[in-house]
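One structure is given below, encoded as structure tokens.
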Amino acid sequence: GVTRLLLTRIPFFKEIIVSSFSCDSCSWSNTEIQSAGRIQEQGVRYVLAVTSRQDMNREVVKTDCASARIPELDFEIPAFSQKGVLTTIEGMIDRAVAGLEQDQPARRATDKEVARKIDEFIGKLRQLKEVNSPFTFIIDDPSGNSFVENPHAPQRDEALVVTRYRRSPQQSAMLGLEVDAKPLDAAEDLRDEVLQFNTNCPECNAPASTNMKLVQIPHFKEVIIMATNCDSCGHRTNEVKSGGAIEPQGTRITLRITDPSDMTRDILKSETCSVEIPELEFELGMGALGGKFTTLEGLLKDIRDLVEKNPFTLGDSSTPSRTGKLQEFIGKLQEVKGKTKAHFIMDDPAGNSYLQSVGALGLNDMNVYAPEEDPELHVQRYERTFEQNEELGLNDMKTEGYETEAASGR
């Protein structure tokens with residue numbers, strides 16, 4: 001047969017390799033994709049509640065290092081057991097059925113009992129395609145390069161939960177990434193020093209340097225700013241991480257945008273913070289943009305760039321209705337910058353996000369209220385739910401009294 005390879009660039013995936021094989025003798029054909037771009041900063045997990053036949057048509061990008069699960073059937077496709085593929089939910093089930101049926105004739109001849117159980121399981125998988133009862137479809141990708149379509153974009157999809165997480169050392173080793181387990185010297189004072197360490201550019205893989213600095217935000221807390229510059233290709237990136245502990249309560253910050261000067265307010269958005277603009281029916285999940293220390297205008301620009309890079313609203317995957325909705329949303333987002341009054345809401349269960357308290361008196365007459373009350377800014381403290389504590393890893397964390405329990409257990 002003949003195998004054809006194509007290196008191309010598509011939104012969100014950046015560079016990929018498309019592989020196509022065809023055989024003229026038996027007419028068998030197959031297509032695969034492999035990521036040729038960089039591994040993302042965080043892993044991603046998609047949890048989709050499939051409740052209708054329309055959900056079976058959602059497009060899915062699954063890389064070779066991603067695992068797929070259906071908890072209701074205790075069924076899992078392990079990582080690296082299949083090549084990367086661009087398909088649908090129904091296509092994922094069809095591929096699983098085809099894989100299970102491949103060796104069934106040999107099993108029926110050697111072990112009828114095992115073959116019978118596999119036939120029963122194949123029947124259950126095929127029944128899922130009819131969606132007679134709801135089920136859950138989960139994709140977990142440590143590389144962060146998998147994707148599940150949101151047909152309601154840019155609005156929030158109630159049936160789809162997207163979670164971004166930090167890779168474990170085992171997952172990093174599985175992806176071939178170097179893990180630096182050397183702890184920092186606790187006695188070293190980092191507040192007046194810019195640390196610099198060597199790394200590789202995430203775009204061109206050329207040697208680059210990353211700078212790290214502890215910064216004290218007035219009336220808030222310490223944060224760690226990390227910036228990477230590449231002299232070869234000009235790529236620049238920055239990320240902000242909280243330098244303190246998780247707060248006892250979550251924080252919900254609501255800003256009423258009434259003047260163009262509000263766009264200059266400083267913002268610290270942590271990795272655990274979600275963003276909502278009710279007037280646009282828009283919600284950005286936690287971890288989507290990582291940690292950011294910027295202005296309100298800069299964050300809105302990042303949101304626009306993120307929405308425009310949705311792979312199912314551009315190129316061959318787009319439809320006129322989706323493209324129209326996307327352009328309409330981007331137009332409304334542009335109007336928020338001082339032309340349209342709107343509410344900007346930041347919800348951080350960890351309490352590590354911050355929005356500058358300033359007056360809305362114009363750029364040339366800025367009145368800083370902090371630490372006094374800002375009439376356009378409302379900060380609400382709330383008790384975290386069990387689910388939020390579980391996502392932050394607090395339910396199983398015990399920092400007091402564990403010595404006594406360990407001694408009594410022995």
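Here are a few things to note about the model shown:
- Full extension of the chain between Leu6 and Asp305 gives 105.0 nm of extra length, using 0.36 nm per residue less the Cα-Cα distance.
- Ellipsoid semi-axes in whole angstrom, largest first, where each is sqrt(5λ) of the Cα gyration tensor of the stretch 42-175: 27, 20, 11
- Hits among lysines - C-alpha to C-alpha of Lys341 under 23 Å, sequence gap 8 or more where chains match: Lys269, Lys301, Lys325, Lys332
- The simple spin-label model puts a point 7 Å past each Cα toward its Cβ; for Asp259 and Ala106 those points are separated by 7.6 nm.
- Simple spin-label estimate for Ser232 and Glu383 gives 5.4 nm between the two label positions (7 Å along the Cα-to-Cβ direction from each Cα).
- Between Val215 and Gln327, the modelled labels are 3.7 nm apart [label points 7 Å from Cα along Cα→Cβ].
- Taking every lysine pair in the stretch 42-175 that is 8 or more places apart or spans two chains, those with Cα atoms closer than 21 Å amount to 4.
- The simple Förster model, with R0 at 22 Å and r as the Cβ-Cβ distance, assigns Ile345 and Thr163 a FRET efficiency of 0.65.
- Protection proxy ranking, highest mean first, for peptides 20-28, 390-398, 125-133, 251-259: 251-259, 125-133, 390-398, 20-28, where packing is the per-residue count of other beta-carbon atoms within 10 Å, averaged.
Laboratory data are not the source of any read-out in this text; all were calculated from the coordinates shown. Keep in mind it's a predicted model, so treat the numbers as computed, not measured. All Cβ positions, glycine included, derive from the backbone under ideal geometry; neighbour counts span all protein chains shown.
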